[in-house]
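Below is one structure, written out as structure tokens; comments come after it.
Please treat every number below as a calculation from the coordinates, not as lab data. Keep in mind it's a predicted model, so treat the numbers as computed, not measured. Here Cβ is always computed from backbone atoms with ideal geometry, including for glycine, and neighbour counts include all displayed protein chains.
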Amino acid sequence: ETIELAMGGDGGGGPGYATVPVKLSNEMDDYTFYFTQEGHGIVNPLHDIPLFADKEKKVFNMVVEIPRWTNAKLELKTKDPLAPIVQDVKKGKRRYVHNVYPYKGYIW
């Protein structure tokens with residue numbers, strides 16, 4: 001499964017970015033997500049994704065760690081090579097955000 005990101009270029013076919021999940025274990029939700037750029041392969045979101053998607057139109061790129069309507073607390077693992085997104089762990093347990101009734105997961 002690939003999560004497409006609304007990033008890149010001027011919205012008219014500029015460089016496309018996506019995430020690629022890598023399964024780490026047999027646990028159902030144990031994935032690490034790496035960023036890719038069309039034509040370049042895996043990239044580091046902190047160094048290889050430019051601030052501006054279109055500087056003249058003042059359109060910025062951004063990385064959202066926790067997609068809307070999800071509960072897993074995801075973080076950029078900045079000390080790992082290529083800064084992948086992984087589920088945050090505290091005291092050996094995976095972290096999740098609480099639901100805000102009547103919605104599921106983050107709504108903003």
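Which of rounded, prolate or oblate describes the range 17-94 when judged by the alpha-carbon gyration tensor and an a/c cut-off of 1.5? Since a/c reaches 1.5 and a/b is larger than b/c, the shape of the range 17-94 is classed as prolate. Between Asp48 and Asn26, the simple label model (points 7 Å from Cα in the Cβ direction) yields a spacing of 3.3 nm.
Select from the range 16-74 those trypsin sites (Lys or Arg not before Pro) which occupy a DSSP coil region and have at most 14 other Cβ atoms within 10 Å, ordered by residue number. Qualifying residues, ordered by number: Lys55, Lys57, Lys58, Arg68. Cβ-Cβ distance of Met62 and Tyr96, R₀ of 30 Å, FRET efficiency by 1/(1 + (r/R0)^6): the value works out to about 0.85.
Kindly state, to the nearest 0.05, the FRET efficiency for Lys55 paired with Lys79, given R0 = 30 Å and r defined as their beta-carbon distance.
Working: r = 30 Å, r/R0 = 1.00.
That pair, Lys55 with Lys79, gives E of 0.50.
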